[in-house]
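Have a look at the structure below, then the notes.
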Amino acid sequence: QVQLVESGGGLVQPGGSLRLSCAGSGSIFNFYAMEWYRQAPGTQRELVAIITSVGSTNYADFVKGRFTISRDNAKNTMYLQMNNLKPEDTAVYYCRGLGTRTSVWGQGTQVTVSS
């Protein structure tokens, strides 16, 4: 089973940018969709963005116009470009791959937006 590993999190000032990566240990081609979620302390995990195997995307309203999801099947990697970050974007960000019979989660990467 393909494992997913996130990277790229860190501390950034409000208005700054980060790019998260979600790397597969093997081919991500068979994931019919891949997603980014986030979870802030004391809250439920929420969907941030989704991208299908053919490149269709959808975003949560709270990130539209600021975040961009993409995937590179040749590199077995999905990305989340985050611009104009706000303190309320602070959370652990997780990626998930959706297969026909299972889903795979990464371990998460912390994003902190603070001055």
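Here, each number is a calculation from the coordinates, and none is a lab measurement. In this text the structure is predicted, and so the values were computed from the model without any measurement. In this analysis, Cβ positions are derived from the backbone assuming ideal geometry, glycine residues included, and neighbour counts consider all displayed protein chains.
Laid out as a table, the results:
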item: Answer residue from segment 22-57, given it is surrounded by 11 or more Cβ atoms within 10 Å (Cβ to Cβ) and over 21 Å from Thr102 (Cα atoms) and is nearest to the chain's Cα centre (by Cα) among those; result: Gln39
item: Lone qualifier among Thr102, Thr77 - being surrounded by 15 or more Cβ atoms within 10 Å (Cβ to Cβ) and either touching a residue at least 40 places away in the same chain (Cβ under 8 Å) or in contact with a Leu (Cβ under 6 Å, 6 or more places away or on another chain) (or both); result: Thr77
item: First in segment 24-47 and more than 19 Å from Thr112 (Cβ to Cβ), second anywhere and of a type in the set (Val, Ile, Thr) and surrounded by 13 or more Cβ atoms within 10 Å (Cβ to Cβ), Cβ under 6 Å, 6 or more apart; result: Gly24/Val2; Ser25/Val2; Gly26/Val2; Ala33/Ile50; Ala33/Thr52; Met34/Ile51; Glu35/Ile50
item: Selected residue (only one of Leu11, Leu4 is surrounded by 15 or more Cβ atoms within 10 Å (Cβ to Cβ) and out of contact with any helix residue (DSSP H, G or I) (no Cβ under 9 Å at 6 or more places or on another chain)); result: Leu4
